[in-house]
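Chemist: Okay, here's the structure, questions in a sec.
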Amino acid sequence: MPARGIVDYATYRPYRRLDLTEIASVAGGGGGRGTRPVASYDEDTTTMAVAAARRCSLDGVGSLWFSTTTPAYVDKTNATAIHAALRLDPAAPAFDANGSVRSSVGALRAALAGARSLVVASDLRTGLPGSPDEAAGSDGAAAFVVGEGEDEGEGDGGVIAEVVGWGSATAEFLDRWRTPGDPASRVWEERFGEGRYVAAGRAAWDDALKATGLAADDIARAAVVGSHTRACTQFERSVFAEPAIPGSAKTEGFAGAAAPGLALARLLDAAAPGETLALVVLADGADVLVLRTTDAHRPRPVEEPVGAPLAYGTYLRWRGLLTTEPPRRPEPARPSASAAGRNADWKFGFVGSQDDAGTVHLPPAPLDAEARPMADATGTVVTFTVDRLAYSPSPPVVFAVVDFDGGGRLPVELTDVDPADVAVGTRVEMTFRKLFTADGIHNYFWKARPIR
Amino acid sequence: MSSHGIKDRVAIISVSCTRFAEHWDKGVDELLLDATTDAFKGAGLTADDVDAYWLGTAQSGMSGMVLAKPLGLEGKPVTRVENMCATGSEALRQAAYAVAAGAYDTAMAVGVEKVKDSGYQGLNAFPIPTDGTNRTLTAAAMFSMVAPAYAQRYGVDPDELRRVLARIASKNHYNGARNPKALFRREMSVDQICGMPAVAGGLSVFDCAGVADGAAAAIVCRVEDAHRYVDDPLIIKALSFVAGNGSGLTDPAYDYTTFPEIVRCAEDAYAQAGITDPRTELAMAEVHDCFTPTELVLMEDLGFCERGTAWQQVLDGAFDLDGDLPVNPDGGLKSFGHPTGASGLRMLYEAWLQLRGEAPDDRRISTVSPTRNLALTHNLGGYPGEMVSFVGIFGT
């Protein structure tokens, strides 16, 4: 019987970092020490999911699950945009499992039971200025390719971590909630949730050990995540002699629906082959996933987060918590659904074209016979400019003419960069972003960012 | 390609131009009436005497009724044309061809733009539904990329080039200060312009065309009929147009130091007019200085000087009002202002005044002579790498 579990995984953290010490003097309280990752104004949960998923090997992926507590759209599937950006098989279904942190666990559990699938979770966490959620929150995404190994865990396409078993506990109690339309989530008294979560965690933990026939000492490495920080800490102390996750993973904050995946990824990064791992998620009950790394698994070096500082005022503006005077320019027109649908490969997939002579055209030229996928192309800045007049959700617009390695040139907007950092010769890669929202329609396309 | 031209077959018998300004008190109707009334008077004609009309407006109205209504035209053919910032010149082309073809005896080309009703800063394009992947960059930012490219290709120090561009703007302000119809009528020094904050690449607001409302008009007829109306018509020597295919934007060989559409367009115009050395055969030129680096490159693309030398020629004053070849003696888009549909005809208006000795004394060029009596007008629309270009040549 072939192994079933995780085949590949990758995470994504946005470029900007908010210094938590800046908050108190503006908001009158709150903040903390250190920094937290903050998504760019041109990122949302859909774009960050694409960023994580692109870093996985997607061979053989037959379905896609997407989870977030902050979907770009409701009543419209967001996973289809991710599907389009990844250029997955049209026959592969794409599902959202949205709304809460536990959604991402459910999606992972369902996908692990099925054929080869991509499971991606992404979140953008905000709180009212000065709130604990603001300081403890974190933006990011985690993607997993799961399913069956092709040949019992050997070589590429093999399972690197097998599912050993699950434990679960479900209870209805109001610890954290948000009514749609409210700007922030609310919580009941902390000690109430702590008690319920620790109990649920213990129940799920015992359930998992029973289901897998393991003892606590058999678990080499574990991570506990959840929106109730004290509950996580208390649960950890009650079960483990030492802290389950050392160092940086905890200080990057709570990333909502992406938190379980990010924690699992850090576990896998650190694990040697043949280790038993446990992921505990305290979210509206508790879930425990027990995995064992296979011989095909290799630990990965910890990626030091590349981050540039972001002023608190800019963060507030990006999150819509601070409304500033717009320029005296017309707001952009909404994209046409029919035009965007016709050109979905270009718009979502960054697929150009090439003619018989091999000349690359971006956007694709109607007379060319062959498609030319360019999302993974790298290039060089030939010339650039900084436009302080153009409309932008976050002016100024930094714009460059990029010549791509292997052919093709496109004038394109740059992101994740300060104007002073761009030069002729800067090397860039493409990233999937949201240009703006007009008339409630999110306008997705690609920008270039410096390769770091 | 067969571009035979209509040299010496069509005469311009009247040209008019309103003041270009933020005409808060005038709409399209008033601007059209102002321009056409003066044009009719100049030729001794009424609206009904003119057989056909071409109305150029980029985004101030749709269909010929925009002109027919305020003028109360009865049963007249009126065609609204648009070709970005070359719209006014496009109206002239069509009117001239209609008359040359013998379809009509007299025709009027009118250009108008009312840009100050939008409430927005700058010139903003009318939104056409797209898939959302199009550039949102301003034209200023796109043209701003010409400056560093030019500096790099020809080894000009960037700070020096900044002063060259300011010199171009300063020249145009000097000329505009001597033009009662211009939007900006104040001289500005190179230092003043260099001191302004950059808003698009290295360009400041004063490297950009002025934004104004306005209208201009011209009446044409067959050259053999011109004597019935005026003693000193202008004669059309060339009308040339090229629409680019946008390849420059995505062609790695394009280096932002030239506008190939303009080079092709100028070649055709010079062939039509029989000009081999524009620098000495033209008495003046009105060119499309939407931004200062644009005018710099135009000097080379239009063949007024060798490639890579325009910057030095600008500093030497070759294109000043009293220079070897006066460029934009009326102040150009920079200080006259740029109501999109009217600009091409506004340029013709300056040629009309200067070639016939009617320009005001403090703005009169001294290059006009019986052997040097040609004027060139040029418009472009679009961006480096994707533009349309018009070149017209007129003489006495």
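Chemist: Across the stretch A:401-430, which residue is surrounded by the fewest Cβ atoms within 10 Å (Cβ to Cβ) among those that are away from chain B (no Cβ under 12 Å) and without any contact (Cβ under 8 Å) to a residue 40 or more places away in the chain?
Modeler: It comes out as A:Ala420.
Chemist: Can you work out which of the residues in the stretch A:175-210 that are among the small types (Gly, Ala, Ser) and more than 15 Å from A:Leu282 (Cβ to Cβ) is farthest from the chain's Cα centre (by Cα)?
Modeler: The extreme case among them is A:Gly181.
Chemist: Being of a type in the set (Gly, Ala, Ser) and assigned to a strand (DSSP E or B) is the filter here, so list the residues in the stretch A:356-382 that pass it. Spell out how you get there, then give the answer.
Modeler: Filtering the stretch A:356-382 for residues of a type in the set (Gly, Ala, Ser) gives A:357-358, A:365, A:369, A:371, A:375, A:377, A:379.
Passing the criteria: A:Ala371, A:Gly379.
Chemist: Name the one entry in B:Asp105, B:Asp191, B:Asp131, B:Asp159 that is acidic (Asp, Glu) and either touching a strand residue (DSSP E or B) at 6+ places or on another chain (Cβ under 7 Å) or within 23 Å of B:Ala217 (Cα to Cα) (or both). Let's see the steps before the verdict.
Modeler: Working: B:Asp191 fails: either touching a strand residue (DSSP E or B) at 6+ places or on another chain (Cβ under 7 Å) or within 23 Å of B:Ala217 (Cα to Cα) (or both); B:Asp131 fails: either touching a strand residue (DSSP E or B) at 6+ places or on another chain (Cβ under 7 Å) or within 23 Å of B:Ala217 (Cα to Cα) (or both); B:Asp159 fails: either touching a strand residue (DSSP E or B) at 6+ places or on another chain (Cβ under 7 Å) or within 23 Å of B:Ala217 (Cα to Cα) (or both).
B:Asp105 is the lone residue from the list that is acidic (Asp, Glu) and either touching a strand residue (DSSP E or B) at 6+ places or on another chain (Cβ under 7 Å) or within 23 Å of B:Ala217 (Cα to Cα) (or both).
Chemist: Among the residues of the stretch A:431-452, which ones are out of contact with any strand residue (DSSP E or B) (no Cβ under 9 Å at 6 or more places or on another chain) and within 13 Å of chain B (Cβ to nearest Cβ)?
Modeler: Once the filter is applied, which keeps residues that are out of contact with any strand residue (DSSP E or B) (no Cβ under 9 Å at 6 or more places or on another chain) and within 13 Å of chain B (Cβ to nearest Cβ), the stretch A:431-452 yields A:Ala438, A:Asp439, A:Ile441.
Chemist: Oh, and also: Show the residue pairs meeting these rules: Cβ distance below 7 Å; 6+ apart or different chains; first residue within the stretch B:137-161 and more than 14 Å from every other protein chain (Cβ to nearest Cβ); second residue surrounded by fewer than 18 Cβ atoms within 10 Å (Cβ to Cβ) and assigned to a loop (DSSP other than H, G, I, E, B).
Modeler: B:Tyr154/B:Gly308
Chemist: Condition check: without any contact (Cβ under 8 Å) to a residue 60 or more places away in the chain, out of contact with any strand residue (DSSP E or B) (no Cβ under 8 Å at 6 or more places or on another chain) and in a loop (DSSP other than H, G, I, E, B). Does A:Gly127 satisfy that?
Modeler: On the way: without any contact (Cβ under 8 Å) to a residue 60 or more places away in the chain: yes; out of contact with any strand residue (DSSP E or B) (no Cβ under 8 Å at 6 or more places or on another chain): no; in a loop (DSSP other than H, G, I, E, B): yes.
Taking the combined requirement at face value, the residue does not satisfy it.
Chemist: So, in the stretch A:111-133, how many residues would count as being surrounded by 24 or more Cβ atoms within 10 Å (Cβ to Cβ) and either basic (Lys, Arg) or over 18 Å from the mean Cα position of the chain (by Cα) (or both)?
Modeler: Selection size over the stretch A:111-133: 1.
Chemist: How many of the residues making up the stretch A:81-135 are of a type in the set (D, E, K, R) and under 30 Å from A:Ala311 (Cα atoms)? Lay out the reasoning, then the answer.
Modeler: The first filter runs over the stretch A:81-135 and keeps only residues of a type in the set (D, E, K, R), leaving A:87, A:89, A:96, A:102, A:109, A:116, A:123, A:125, A:133-134.
Going one step further and asking which of them are under 30 Å from A:Ala311 (Cα atoms), we end up with A:123, A:125, A:133-134.
Here the count works out to 4.
Chemist: Same structure again: Among the strands (runs of 3 or more DSSP E) contained in the stretch A:25-105, which hold 1 or more residues that are under 13 Å from the mean Cα position of the chain (by Cα) and on the phi < 0 side of the Ramachandran plot?
Modeler: On the way: elements: A:35-38, A:64-67, A:94-96.
Fully inside the stretch A:25-105 and qualifying: A:35-38, A:64-67.
Chemist: Do we have any residue at all in the stretch A:364-381 that's more than 23 Å from A:Leu316 (Cβ to Cβ), at the interface with chain B (Cβ under 8 Å from one of its Cβ atoms) and acidic (Asp, Glu)? Explain how you work it out, then say what you get.
Modeler: Restricting attention to the stretch A:364-381, the residues satisfying the condition of being more than 23 Å from A:Leu316 (Cβ to Cβ) are A:364-381.
Okay, now just the ones that are also at the interface with chain B (Cβ under 8 Å from one of its Cβ atoms), so none.
Within the stretch A:364-381, not a single residue is more than 23 Å from A:Leu316 (Cβ to Cβ), at the interface with chain B (Cβ under 8 Å from one of its Cβ atoms) and acidic (Asp, Glu).
Chemist: Additional query: Among the residues of the stretch B:145-203 satisfying the criterion of being surrounded by 21 or more Cβ atoms within 10 Å (Cβ to Cβ) and polar (S, T, N, Q), which is nearest to the chain's Cα centre (by Cα)?
Modeler: B:Asn172
To keep it simple, each residue is scored yes or no on (1) in a helix (DSSP H, G or I); (2) modelled with pLDDT under 95; (3) on the phi < 0 side of the Ramachandran plot; (4) surrounded by 22 or more Cβ atoms within 10 Å (Cβ to Cβ).
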position	(1), (2), (3), (4)
A:Tyr197	yes, no, yes, yes
A:Asp206	yes, no, yes, no
A:Thr233	yes, yes, yes, no
A:Ser238	yes, yes, yes, no
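Chemist: Could you please give the count of residues in the stretch A:311-355 that are within 24 Å of A:Val402 (Cβ to Cβ) and assigned to a loop (DSSP other than H, G, I, E, B)?
Modeler: Kept after step one, since they are within 24 Å of A:Val402 (Cβ to Cβ), are these residues of the stretch A:311-355: A:332, A:335, A:339-340, A:343-355.
From what is left, the residues that are assigned to a loop (DSSP other than H, G, I, E, B) are A:332, A:335, A:343, A:350, A:355.
Going through the stretch A:311-355 one residue at a time, the tally reaches 5.
Chemist: Could I ask something else about it? Quick check: is even one residue across the stretch A:384-391 charged (D, E, K, R), more than 10 Å from every other protein chain (Cβ to nearest Cβ), within 22 Å of A:Thr437 (Cβ to Cβ) and not in a helix (DSSP H, G or I)? Before you say what the answer is, go through the steps one by one.
Modeler: Step one: list which residues in the stretch A:384-391 are charged (D, E, K, R), which gives A:387-388.
Of the ones still in play, those that are also more than 10 Å from every other protein chain (Cβ to nearest Cβ) are none.
Looking through the stretch A:384-391, none of the residues is charged (D, E, K, R), more than 10 Å from every other protein chain (Cβ to nearest Cβ), within 22 Å of A:Thr437 (Cβ to Cβ) and not in a helix (DSSP H, G or I).
Chemist: Right, something else. Return the total of residues in the stretch A:325-341 being more than 7 Å from chain B (Cβ to nearest Cβ) and more than 30 Å from B:Lys116 (Cα to Cα).
Modeler: Of the residues in that region, 3 qualify.
Chemist: Do the conditions hold for A:Thr11, that is, is it in a loop (DSSP other than H, G, I, E, B) and in the same structural domain as A:Arg116 (by TED's automatic domain parsing)? Write out each step before concluding.
Modeler: Values: in a loop (DSSP other than H, G, I, E, B): no; in the same structural domain as A:Arg116 (by TED's automatic domain parsing): yes.
No; evaluated as a whole, the condition is false for this residue.
Chemist: Now a separate question. Within the set of pairs 6 or more residues apart or between chains, which connect a residue that is acidic (Asp, Glu) inside the stretch B:180-204 to a residue that is modelled with pLDDT of 95 or more with Cβ atoms less than 7 Å apart?
Modeler: Between residues of the stretch B:180-204 that are acidic (Asp, Glu) and residues that are modelled with pLDDT of 95 or more, the close pairs are B:Glu187/B:His173; B:Glu187/B:Tyr174; B:Glu187/B:Ala177.
Chemist: Ok, one more. Could you check the stretch A:349-363 and list, in sequence order, the residues that are at the interface with chain B (Cβ under 10 Å from one of its Cβ atoms) and farther than 12 Å from B:Thr250 by Cβ? So that I can check it myself, show each step before the final result.
Modeler: To start, the set of residues in the stretch A:349-363 that are at the interface with chain B (Cβ under 10 Å from one of its Cβ atoms) comprises A:350, A:352, A:359-363.
Selection gives A:Phe350 alone.
Chemist: Related question: Restricting attention to the stretch A:179-195, and to residues there that are surrounded by fewer than 19 Cβ atoms within 10 Å (Cβ to Cβ) and over 15 Å from A:Pro132 (Cα atoms), which single residue is modelled with the lowest pLDDT?
Modeler: Checking each candidate, the answer is A:Gly181.
Chemist: Limited to the stretch B:37-64, what total is found for residues that are part of a helix (DSSP H, G or I) and surrounded by fewer than 24 Cβ atoms within 10 Å (Cβ to Cβ)? Give the derivation first.
Modeler: Here is the first cut: in the stretch B:37-64, the ones part of a helix (DSSP H, G or I) are B:37-43.
Next, from what is left, pick out any that are surrounded by fewer than 24 Cβ atoms within 10 Å (Cβ to Cβ): B:37-38, B:40-42.
Residues flagged as part of a helix (DSSP H, G or I) and surrounded by fewer than 24 Cβ atoms within 10 Å (Cβ to Cβ) within the stretch B:37-64 amount to 5.
Chemist: Among the candidates B:Leu67, B:Leu31, which residue alone is more than 20 Å from the chain's Cα centre (by Cα) and surrounded by 23 or more Cβ atoms within 10 Å (Cβ to Cβ)?
Modeler: Numbers: B:Leu31 fails: more than 20 Å from the chain's Cα centre (by Cα).
Within the list B:Leu67, B:Leu31, the selection yields B:Leu67.
Chemist: So which residues in the stretch B:121-136 are buried (at least 21 other Cβ atoms within 10 Å of the Cβ) and more than 7 Å from every other protein chain (Cβ to nearest Cβ)?
Modeler: B:Leu123
Chemist: Moving on. Determine whether the stretch A:360-381 contains at least one residue that is surrounded by fewer than 15 Cβ atoms within 10 Å (Cβ to Cβ) and under 30 Å from A:Arg329 (Cβ atoms).
Modeler: Looking through the stretch A:360-381, none of the residues is surrounded by fewer than 15 Cβ atoms within 10 Å (Cβ to Cβ) and under 30 Å from A:Arg329 (Cβ atoms).
Chemist: Let me ask something else about it. Of (1) in the same structural domain as A:Asp207 (by TED's automatic domain parsing); (2) at pLDDT below 95, A:Val288 satisfies all except one. Which?
Modeler: It fails just one condition, (2).
Chemist: Of all residues in the stretch B:72-120 being without any contact (Cβ under 8 Å) to a residue 24 or more places away in the chain and within 14 Å of chain A (Cβ to nearest Cβ), which is farthest from the chain's Cα centre (by Cα)?
Modeler: Looking at residues that are without any contact (Cβ under 8 Å) to a residue 24 or more places away in the chain and within 14 Å of chain A (Cβ to nearest Cβ), I get B:Gly119.
Chemist: Taking the stretch A:277-331, which residues are of a type in the set (Val, Ile, Thr) and in contact (Cβ under 8 Å) with a residue 24 or more places away in the chain? Reasoning before the result, please.
Modeler: First, the residues of the stretch A:277-331 that are of a type in the set (Val, Ile, Thr): A:280-281, A:288, A:290, A:293-294, A:302, A:306, A:314, A:323-324.
A:Val280, A:Val281, A:Val288, A:Val290, A:Thr293, A:Thr294, A:Val302, A:Val306, A:Thr314 - these are the residues of the stretch A:277-331 that are of a type in the set (Val, Ile, Thr) and in contact (Cβ under 8 Å) with a residue 24 or more places away in the chain.
The values are calculated or read from the model by the stated rules, or taken from the named source; none is laboratory data. Treat the numbers as computed from the prediction; the structure is a model and nothing was measured. Here the Cβ is made from the backbone with ideal geometry for all residues, glycine too, and neighbour counts use every protein chain on show.
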